[in-house]
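K.L.:
One structure, pasted below without further comment.
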Amino acid sequence: KFAIGGLEFSDALVTTTKDEFDPQGRIHGVLGINVFSGYRVTLDLATKRLILEPCGTDPAGAPYWDVAGQMLVSASATAGPEGLFLFDTGATRSMIARSFVDRVPGASVEGAAGVRTYGGNVAGASVVRGVRLRFLDLEGADGPVYTSDLTQRSRLGGVEVSGFLGMDLLDGTTIVVATRGQRIAVIPAPKKD
């Protein structure tokens, strides 16, 4: 049995592991967007609130695609190509595929990086400079992003994944996901005076 506010599931199909999910004990599981099917999901990251409402009839925002359990959105580098990115509110920093780095003018891979996820260390990760990611009205900072070979993830999903959009881009925003129309809107954090 699992409950989020008034939304409750019992006898739901889940995937489990005997291995420690997160060695630090910070993460106990991952919820996919399919759990909220039929709802408008609002994540107010500034106030750390999750609001669930029935979906309306006129969803706003950009389309997203649910491919093999991955929530994918179209994003781009400010001076480069577009691609499909995993919308990942669990990622501290955004990551881009090596194949995507090669298509961004002025991007440079600088050296090895220690990147840890809930699934363990990311093998072969590197720091990339000269890439600013853009999604809707959000634009990433000039700081570095990480890169790794995402070929296996792309193969598993059957679609080329160009990277992950993480909290370096999304922090402080309000994210509204309309699951019925598969649309997503992101309201930027208010500017500080």
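The values are calculated or read from the model by the stated rules, or taken from the named source; none is laboratory data. This structure is a prediction, so every number in the text was calculated from the model and none was measured. Note: ideal-geometry Cβ built from the backbone for every residue, glycine included; neighbour counts use all protein chains shown. Just so you know, the surface numbers come from the protein's heavy atoms only, side chains and all, with ligands and any DNA or RNA stripped out. Shrake-Rupley method; radii C 1.70, N 1.55, O 1.52, S 1.80 Å.
K.L.:
Rank by packing, highest mean first: peptides 99-109, 70-80, with packing defined as the count of other Cβ atoms within 10 Å averaged across residues. Please list the in-between numbers first.
P.N.:
Numbers: 99-109: 16.1, 70-80: 19.0.
With the highest mean Cβ count within 10 Å placed first, the list reads 70-80, 99-109.
K.L.:
Under a 1.4 Å probe, what is the accessible area of the range 124-193 per residue, stated in Å²?
P.N.:
Numbers: 3660 Å² over 70 residues.
I get 52 Å² per residue for this part.
K.L.:
Find the percent of Cα-Cα distances in the range 49-92 that exceed 13 Å, and round it to a whole number. Please list the in-between numbers first.
P.N.:
On the way: 655 of 946 pairs.
Summing the P(r) tail past 13 Å for the range 49-92 gives 69 percent.
K.L.:
Let me check I've understood the local charge: for residue 74, count other residues with C-beta under 13 angstrom from its C-beta, Lys and Arg +1, Asp and Glu -1. What total comes out?
P.N.:
So the environment of residue 74 carries a net charge of 0.
K.L.:
Let me ask something else about it. Over the range 61-191, what is the percentage of antiparallel beta bridges among all DSSP beta bridges, to the nearest 5? Working shown, then result.
P.N.:
Working: 31 of 37 bridges.
Looking only at bridges with both residues in the range 61-191, the antiparallel portion is about 85 percent.
K.L.:
How much net charge surrounds residue 187 when only other residues with a Cβ under 11 Å from its Cβ are counted (Lys, Arg +1; Asp, Glu -1)?
P.N.:
Once all neighbours under 11 Å are counted, the net charge is -2.
K.L.:
Right, next: Which of the three applies to the range 123-166, rounded, prolate or oblate, going by the alpha-carbon gyration tensor with a ≥ b ≥ c and a/c under 1.5 meaning rounded? Don't skip to the answer; put the middle values down first.
P.N.:
Working: a/c = 3.53, a/b = 1.42, b/c = 2.49.
Since a/c reaches 1.5 but b/c is at least a/b, the shape of the range 123-166 is classed as oblate.
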